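What follows is a short report on a single structure.
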């Protein structure tokens, strides 16, 4: 049980975390801060937070749990704004989709206060953003990846594990490097492809006419193309090396299909499709709890 | 009201059409044929068809409505097998996802019996195949594209329009050429990308570990990668020229993202993502009834 949760960045992710902790009875009071005063006020009116803070630092004052839920490019500035009030025993987490850059920023800024910081990435989201979409059940049944450092206090890692478990998450641990490599493959590349595909559609003369003809396959394939602009700008920049390695792999896989198509090699094309079709048919979300360490 | 529907290829698409017509009271009797006797027998036991035919030709005998629901590469052979029994006044349709190749096959084989053939492509499907997944509601609320030829009997086009409308479809007409161009963009390329992406994932050393970490975005993006192998082999081969044009467009769109990422150009990257995100947020399935003619 925490006395006070301070949420910096009261959007979809931060707001949903606050609601989930309240519903689970894990926190007495939630103080929130967003860069836009209108957002902070909306969060208060919606009952997502109990009190609005005027600054990130004020949201940390008196909090024994702090969630930094800002776009990853804003995390370093946020750490600078709050570090003076991060007392020993305060658990600080982020929810960023990349971890090496967040850990680097934490090392640079937090220094001796690094021990209380547990980097976290909940594998949850929606294609809509904003506190008005915050949902106490967003994290239920989802995975959350923790990437603690050698300096991280093991008690804080345990506390972090307990709080995410209590709101329904399966908690996994990885190194920041393995995290970024894996999520470049399973999340960042699909988003990039969905964005690029949608742009390729819009860029052709009859593109908008074509869109009126699209069906359920298109709908699901492109759902993530509607994702938040600044969040994904930051992710694709922060993890660009790994993402570009993945685009090279995708281009090679696409080459194989094009060679089979151009040469009319039905058997080779069948084999390529079968690999994907069998692989996807056998896949289940959250099927295996053991990630690479 | 039809006296007898003959379904050649009693799988997901053909079986669902039979069930939908029965439910709507549009047909007195359904005769079905599949290459595999076990499939035909399963369809009869499930009540999808009333009688099992021993050949494609036998499924046509006595039918005033014939649905050819075989993979597109098998359509020409099917036309050859049935043409002698296609009498004037019999409405023949297919459900192929490509239309130029089907129309070419019809022209070559049906000749003076071409007037009763109305090429059709219902924009409906599932990532599972087989008559056991046939569903009377599969076509409800979906679009169906008809690509009649200059020689097609207008009365048959009207009958085709009426029957698809009666089972809940929005009926559109296009030329076979415009159809294939549009569906290369909105359907064939997404399938190809989903296949290639899944293969790229499986081909890397830690690929199977990565898969255990994937979340809801991955799930929806890759749903169509589980599609039927022979159906998609035939589509990608039949429409390869248009599909490869689309892969070139996709590669160019991907290039633009990679340039922005490599150069760290946050503003350009934002603009690229915003185009996709705004475009997808404003898109709705079946929002506009007017296709390119």
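The values are calculated or read from the model by the stated rules, or taken from the named source; none is laboratory data. Note that the structure is predicted; figures quoted are calculated from it, not measured. Glycine gets a Cβ as well: all are built from the backbone with ideal geometry, and neighbour counts include every protein chain shown.
Please find, among A:253, A:260, the residue that is more than 30 Å from residue A:11 (Cβ to Cβ), more than 7 Å from chain B (Cβ to nearest Cβ) and surrounded by 18 or more Cβ atoms within 10 Å (Cβ to Cβ). Give the derivation first.
Numbers: A:253 fails: more than 7 Å from chain B (Cβ to nearest Cβ).
Unique residue meeting the criteria: A:260.
What number goes with the only condition from (1) over 22 Å from residue B:171 (Cβ atoms); (2) modelled with pLDDT under 95 that residue B:79 does not pass?
Here residue B:79 meets the rest and fails (2).
Mind checking which residues of the range B:117-142 are modelled with pLDDT of 95 or more, in contact with a strand residue (DSSP E or B) (Cβ under 9 Å, 6 or more places away or on another chain) and surrounded by fewer than 21 Cβ atoms within 10 Å (Cβ to Cβ)?
none
Examine the range B:150-165 for a residue that is touching a strand residue (DSSP E or B) at 6+ places or on another chain (Cβ under 8 Å) and surrounded by fewer than 17 Cβ atoms within 10 Å (Cβ to Cβ), and state whether such a residue exists. If you could, list the steps in order and put the result at the bottom.
At the first step, the residues of the range B:150-165 found to be touching a strand residue (DSSP E or B) at 6+ places or on another chain (Cβ under 8 Å) are B:152, B:156-157, B:159-161, B:163-165.
Pick out the ones that are also surrounded by fewer than 17 Cβ atoms within 10 Å (Cβ to Cβ) and you get B:165.
Yes: one or more hits.
Looking at (1) surrounded by fewer than 23 Cβ atoms within 10 Å (Cβ to Cβ); (2) modelled with pLDDT under 95, which one does residue A:238 not meet, given that it meets all the others?
Of (1) surrounded by fewer than 23 Cβ atoms within 10 Å (Cβ to Cβ); (2) modelled with pLDDT under 95, only one is false for residue A:238: (1).
Counting only residues that are in contact (Cβ under 8 Å) with a residue 40 or more places away in the chain, give me the strands (runs of 3 or more DSSP E) lying completely in the range A:1-114 with at least 2 of them. First the steps, then the outcome.
On the way: elements: A:2-8, A:27-33, A:65-68, A:91-94.
Answer list for the range A:1-114: A:2-8, A:65-68, A:91-94.
For (1) surrounded by fewer than 17 Cβ atoms within 10 Å (Cβ to Cβ); (2) more than 30 Å from residue A:240 (Cα to Cα); (3) out of contact with any strand residue (DSSP E or B) (no Cβ under 8 Å at 6 or more places or on another chain), each residue gets a yes or a no:
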position: A:6; (1), (2), (3): no, yes, no
position: A:45; (1), (2), (3): yes, yes, yes
position: A:51; (1), (2), (3): yes, yes, no
position: A:67; (1), (2), (3): no, no, no
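Would you confirm, using the coordinates I've provided, whether residue B:167 is within 28 Å of residue B:1 (Cβ to Cβ) and within 13 Å of another protein chain (Cβ to nearest Cβ)?
On the way: within 28 Å of residue B:1 (Cβ to Cβ): yes; within 13 Å of another protein chain (Cβ to nearest Cβ): no.
Judged against the criteria, residue B:167 is not a match.
From B:272, B:213, grab the single residue that is facing chain A (nearest Cβ under 7 Å), part of a helix (DSSP H, G or I) and more than 19 Å from the chain's Cα centre (by Cα).
Details: B:213 fails: part of a helix (DSSP H, G or I).
After ruling out the rest, the residue left standing is B:272.
Out of all the residues in the range B:108-116, is one or more in contact with a strand residue (DSSP E or B) (Cβ under 8 Å, 6 or more places away or on another chain), modelled with pLDDT of 95 or more and surrounded by 24 or more Cβ atoms within 10 Å (Cβ to Cβ)?
no
Taking the conditions exactly as written (more than 7 Å from chain B (Cβ to nearest Cβ), within 23 Å of the chain's Cα centre (by Cα) and either buried (at least 21 other Cβ atoms within 10 Å of the Cβ) or closer than 30 Å to residue A:169 by Cα (or both)), does residue A:226 satisfy them or not? Quick ask: steps written out before the conclusion?
On the way: more than 7 Å from chain B (Cβ to nearest Cβ): no; within 23 Å of the chain's Cα centre (by Cα): yes; either buried (at least 21 other Cβ atoms within 10 Å of the Cβ) or closer than 30 Å to residue A:169 by Cα (or both): yes.
Here the answer is no, as residue A:226 does not meet what is asked.
When the residues of the range B:275-285 are filtered to those that are facing another protein chain (nearest Cβ under 7 Å) and not in a helix (DSSP H, G or I), which remaining residue is nearest to the chain's Cα centre (by Cα)?
Checked the range B:275-285; the qualifying residue nearest to the chain's Cα centre (by Cα) is B:285.
For the list (1) buried (at least 18 other Cβ atoms within 10 Å of the Cβ); (2) facing another protein chain (nearest Cβ under 7 Å); (3) within 30 Å of residue A:268 (Cβ to Cβ), I need the number of the one condition that residue B:204 fails.
The one condition residue B:204 does not meet is (1).
Does residue B:233 meet the test of being surrounded by fewer than 22 Cβ atoms within 10 Å (Cβ to Cβ), in contact with a helix residue (DSSP H, G or I) (Cβ under 9 Å, 6 or more places away or on another chain) and part of a helix (DSSP H, G or I)? Walk me through how you get there before you give the answer.
Details: surrounded by fewer than 22 Cβ atoms within 10 Å (Cβ to Cβ): no; in contact with a helix residue (DSSP H, G or I) (Cβ under 9 Å, 6 or more places away or on another chain): yes; part of a helix (DSSP H, G or I): yes.
Criteria not met by residue B:233.
In this structure, does residue B:221 turn out to be within 7 Å of chain A (Cβ to nearest Cβ) and under 30 Å from residue A:172 (Cα atoms)? Give the steps one after another, and end with the answer.
Numbers: within 7 Å of chain A (Cβ to nearest Cβ): yes; under 30 Å from residue A:172 (Cα atoms): yes.
So residue B:221 passes the test.
All but one of (1) closer than 20 Å to residue B:39 by Cβ; (2) in a loop (DSSP other than H, G, I, E, B); (3) in contact with a helix residue (DSSP H, G or I) (Cβ under 6 Å, 6 or more places away or on another chain) hold for residue B:151; state the number of the condition that does not hold.
Status for residue B:151: all satisfied but (1).
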